Amino acid sequence: MIKVLVADDESRIRKIVKDFLVAKKYNVIEAADGEEAVDMFVSEKDISLVILDVMMPKMDGWKVCDRIRKESAVPIIMLTARSEESDELHGFELGADEYITKPFSPKILVARVEALLKRNQIITGGTRQIGNIEINKDAHTVKVLGEDIILSFKEFELLNYFIDNKGIALSRNKILNNVWDYDYFGDARTVDTHVKKLRSKLVACGDYIKTVRGIGYKFEVDDNEKEK
């Protein structure tokens, strides 16, 4: 059974989320504060997805997301009453995959959980190397110049989408429609934020992602760096 960690200091919110997820046959574990969320994530080795509130006692959701992301690419959904654009972008910069504001529709939340998990299962296919980037889709690992790097689930999807469309100029809307493959209430800034973070993590290979003025982005590798 797929295990989901729900961390929120409001027991009512945890119950609503748990009831809807359990109805879909998910195994839900709960945390009432940030420290408990981190402890549970460390002790439970098979958590498939995390839902985090931002404003929690002891340790806020931002810090929990950052701690988890340093050791895992598990999908993370931020669930919060903070609706400012800067907060949403900050969540993405920390490695969150989705950002849902309160009040929210439990059915929409479940749909996003299922979409993230479905995409996570679809990304399979063994090891692939392009330029100085090596990707193992089965293990969900990435190496740059032989060194392991940790990508969030969405960053991993984005990198694979760029590689699958190597040499093609991709608009931000097209990237949104394909990497966020359901009704996502985001805009071009979401893509830009993820591209910025992905470039940073790819270090020297971040230059493979070219900005195409007036369109979006294109993934290109120098001629002397061969794809295997």
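Of the residues in region 33-58, how many are in contact with an Asp or Glu (Cβ under 7 Å, 6 or more places away or on another chain) and buried (at least 17 other Cβ atoms within 10 Å of the Cβ)? Before the answer, list the steps.
Pass one, region 33-58, residues in contact with an Asp or Glu (Cβ under 7 Å, 6 or more places away or on another chain): 33-34, 53-54, 56-58.
Now narrow it down to the ones that are buried (at least 17 other Cβ atoms within 10 Å of the Cβ): 33-34, 53-54, 56.
Residues in region 33-58 being in contact with an Asp or Glu (Cβ under 7 Å, 6 or more places away or on another chain) and buried (at least 17 other Cβ atoms within 10 Å of the Cβ): 5 in total.
If you scan region 160-189, which residues turn out to be modelled with pLDDT of 85 or more, more than 14 Å from residue 98 (Cβ to Cβ), open to solvent by less than 40 Å² (accessible area, probe 1.4 Å) and touching a helix residue (DSSP H, G or I) at 6+ places or on another chain (Cβ under 6 Å)?
Once the filter is applied, which keeps residues that are modelled with pLDDT of 85 or more, more than 14 Å from residue 98 (Cβ to Cβ), open to solvent by less than 40 Å² (accessible area, probe 1.4 Å) and touching a helix residue (DSSP H, G or I) at 6+ places or on another chain (Cβ under 6 Å), region 160-189 yields 161, 175.
Of the residues 153, 104, 162, 92, which is within 17 Å of residue 220 (Cα to Cα) and either in contact with a Gly (Cβ under 6 Å, 6 or more places away or on another chain) or not aliphatic (A, V, I, L, M) (or both)? Break it down stepwise before answering.
On the way: 153 fails: within 17 Å of residue 220 (Cα to Cα); 104 fails: within 17 Å of residue 220 (Cα to Cα); 92 fails: within 17 Å of residue 220 (Cα to Cα).
Matching residue, one of 153, 104, 162, 92: 162.
Restricting to helices (runs of 4 or more DSSP H) lying wholly in region 148-208: which have 3 or more residues that are closer than 19 Å to residue 130 by Cα and not small (Gly, Ala, Ser)?
In region 148-208, the matching helices (runs of 4 or more DSSP H) lie at 153-164, 188-201.
Before we move on, is residue 23 out of contact with any helix residue (DSSP H, G or I) (no Cβ under 7 Å at 6 or more places or on another chain), modelled with pLDDT of 90 or more and open to solvent by 20 Å² or more (accessible area, probe 1.4 Å)?
Details: out of contact with any helix residue (DSSP H, G or I) (no Cβ under 7 Å at 6 or more places or on another chain): yes; modelled with pLDDT of 90 or more: yes; open to solvent by 20 Å² or more (accessible area, probe 1.4 Å): yes.
In short, yes.
Looking at residue 153 and the list (1) open to solvent by less than 10 Å² (accessible area, probe 1.4 Å); (2) modelled with pLDDT of 90 or more, which single condition is not satisfied?
Status for residue 153: all satisfied but (2).
Among the listed residues 61, 91, which satisfies the condition of being farther than 20 Å from residue 18 by Cα and not aliphatic (A, V, I, L, M)? Even if it seems obvious, please write down each step before you answer.
Values: 61 fails: farther than 20 Å from residue 18 by Cα.
When all the criteria are applied, what remains is 91.
Restricting attention to region 126-150, and to residues there that are modelled with pLDDT under 85 and over 19 Å from the mean Cα position of the chain (by Cα), which single residue is least open to solvent (accessible area, probe 1.4 Å)?
The first filter runs over region 126-150 and keeps only residues modelled with pLDDT under 85, leaving 126-129, 137-140.
Still in the running and over 19 Å from the mean Cα position of the chain (by Cα): 126-129.
On the way: 126: 17, 127: 87, 128: 63, 129: 47 Å².
Among those that are modelled with pLDDT under 85 and over 19 Å from the mean Cα position of the chain (by Cα), it is 126.
Are any of the residues in region 85-108 loosely packed, with under 14 Cβ neighbours inside 10 Å, polar (S, T, N, Q) and closer than 20 Å to residue 176 by Cα? Spell out how you get there, then give the answer.
Start the filter on region 85-108 by keeping residues that are loosely packed, with under 14 Cβ neighbours inside 10 Å, which leaves 85-86, 103, 105, 107-108.
Retained after the next criterion (residues that are polar (S, T, N, Q)): 86, 105.
This time we only want the ones that are closer than 20 Å to residue 176 by Cα, so: 86.
Yes: region 85-108 contains one or more residues that are loosely packed, with under 14 Cβ neighbours inside 10 Å, polar (S, T, N, Q) and closer than 20 Å to residue 176 by Cα.
The values are calculated or read from the model by the stated rules, or taken from the named source; none is laboratory data. Values in this document were obtained by computation on a predicted structure and should not be read as measured data. In this analysis, Cβ positions are derived from the backbone assuming ideal geometry, glycine residues included, and neighbour counts consider all displayed protein chains. To get the accessible areas, we keep the full protein, side chains included, count just its heavy atoms, and leave off ligands, DNA and RNA. Shrake-Rupley method; radii C 1.70, N 1.55, O 1.52, S 1.80 Å.
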